[in-house]
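Here is the structure we will look at.
The values are calculated or read from the model by the stated rules, or taken from the named source; none is laboratory data. On a predicted model such as this, the values are computed, not experimentally measured, just so you know. Note: ideal-geometry Cβ built from the backbone for every residue, glycine included; neighbour counts use all protein chains shown. For the accessible areas, the whole protein counts, side chains as well, though only heavy atoms, and no ligand, DNA or RNA atoms are used. Shrake-Rupley method; radii C 1.70, N 1.55, O 1.52, S 1.80 Å.
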Amino acid sequence: MAGMTSSARPPLNRRFAEFGTTIFAEMSALAARTGSINLGQGFPDTDGPDEVREAAVRALREGRGNQYPPGPGVPELRTAIAAHQERRYGLVHDPDTEVLVTAGATEAIAAALLALLEPGDEVIAFEPYYDSYAASIAMAGGTRVPVTLRPHEGGFRLDLDELRAAVTDRTRLLLVNTPHNPTGAVLTREELSAIAALAVERDLLVVTDEVYEHLVFDDAEHLPLATFPGMRERTVTIGSAGKTFSFTGWKVGWVTATPELVGAVRAVKQFLTYVASGPFQYAVAEALALPDSYFAALRADLLAKRDLLAAGLTEAGFEVFRPAGTYFITTDIRPLGEKDGFAFCRALPERAGVVAIPNAVFYDDRETGAPFVRFAFCKRTEVLTDAAERLRAAFAH
Ligand SMILES: *Cc1c(COP(=O)(O)O)cnc(C)c1O
């Protein structure tokens, strides 16, 4: 019969069956169908700096990166990544042996987990987590062990006792994300020190996703885990150009670590994409060398947008967890008399003409995540003003 597979066995293997289609596809389709403002998926609605785009055009025209670039990434970019880590954080890396360019942070995460895990190894990740973590752990045959971030004094906090209790003899690595998507939490020096001490004590590897390193607000500070005592030699640090330079379609990410760890990740990465994003690698090399004023302006712009959307959500009656980093706001819908984020988000386009994401999709324990809903604020000011108006009109009395 047309459209049916010949075998009784479903085509998708059991490792992936639980993942289905991402909520982003459903919600973006809903946004298009209803003409709603899409604050679901986290991509900017304007492109990054002109000079960075022009650098990509120049590379294309001059034939730099149009053929397979070197497997570890073009030397210009590896040098720029090493310079960025040293200038910002005092972390010194050899561009030839301690830096690896990947097809976005997404490939870096998958390659790192495929490289570092044996089947059955346990991976501790902070729940709610970015959706590719669970899939990548599954690809590697690992077992994910969530440690849940919980609401505390207007933000989401890590319970260090819970983290310590989650470590077993089978734990191989900690998968850390700071600044944290979707909660907007930025791990503090105390929390990071405790994580580092635990990793050293239990001899764990750490993979740390720092793609929002430049998007921190107020007095929050991004501190790379690799800078903590004992961590340089056990940490795989992941970065990306997508969020920092507002070119999420370019898919240029990177790994920095010791030669042994980078070598392990590269061994897997070469058979995933081999290489990617040739001309864009040259453009990102230039972007990383932008003056501090670029990064400060990016932060100031997003800070104003955070405050605009947070004010609208607060006036509409949501409980707002003001993010210290990233470009997402997590809210609690219970003050609106709601408790099911899925149902709420499916109805929101009709009720308010806005699309958001139910945080439950980022939890193993969907009950715990049920009342939380995420809004992205990496959109033009007039779009956010309109969204805030719509939410006020729909919910404020
Ligand atoms: C967007 C995002 C990524 C993916 O980054 P790419 O460079 O686009 O692959 C990884 N981790 C987190 C937490 C993200 O929000």
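With respect to the stated conditions, Gly120 is surrounded by fewer than 19 Cβ atoms within 10 Å (Cβ to Cβ), outside the structural domain of Ile357 (by the TED database) and not in a helix (DSSP H, G or I). Within the stretch 169-206, being more than 13 Å from the ligand (Cβ to nearest atom) and either in contact with a strand residue (DSSP E or B) (Cβ under 6 Å, 6 or more places away or on another chain) or part of a strand (DSSP E or B) (or both) holds for Arg170, Thr171, Arg172, Leu173, Leu174, Ala199, Leu204, Leu205, Val206. Scanning the stretch 122-141 for residues that are within 24 Å of Gly325 (Cβ to Cβ) and of a type in the set (A, V, I, L, M, F, W, C) yields Val123, Ile124, Ala125, Phe126, Ala134, Ala135, Ile137.
The condition of being in contact with a strand residue (DSSP E or B) (Cβ under 7 Å, 6 or more places away or on another chain), over 21 Å from Thr326 (Cβ atoms) and open to solvent by 10 Å² or more (accessible area, probe 1.4 Å) holds for only one of Arg144, Arg157, that being Arg144.
Taken across the stretch 365-385, residues that are within 16 Å of the ligand (Cβ to nearest atom) and either of a type in the set (Ser, Thr, Tyr) or more than 30 Å from Leu223 (Cβ to Cβ) (or both) do not occur at all. The lone criterion from (1) closer than 30 Å to Leu391 by Cβ; (2) outside any loop (DSSP other than H, G, I, E, B); (3) within 21 Å of the chain's Cα centre (by Cα); (4) more than 16 Å from the ligand (Cβ to nearest atom) left unmet by Arg33 is number (3). If Glu350 passes every condition in (1) without any contact (Cβ under 8 Å) to a residue 24 or more places away in the chain; (2) in a helix (DSSP H, G or I) but one, which one does it miss? Failing condition for Glu350: (1). For first residues located in the stretch 356-372 and in contact (Cβ under 8 Å) with a residue 40 or more places away in the chain and closer than 12 Å to Ile333 by Cα, partners that are open to solvent by 40 Å² or more (accessible area, probe 1.4 Å) and among the hydrophobic types (A, V, I, L, M, F, W, C) and lie 6+ apart or on another chain with Cβ distances below 6 Å form the pairs Pro358/Phe342.
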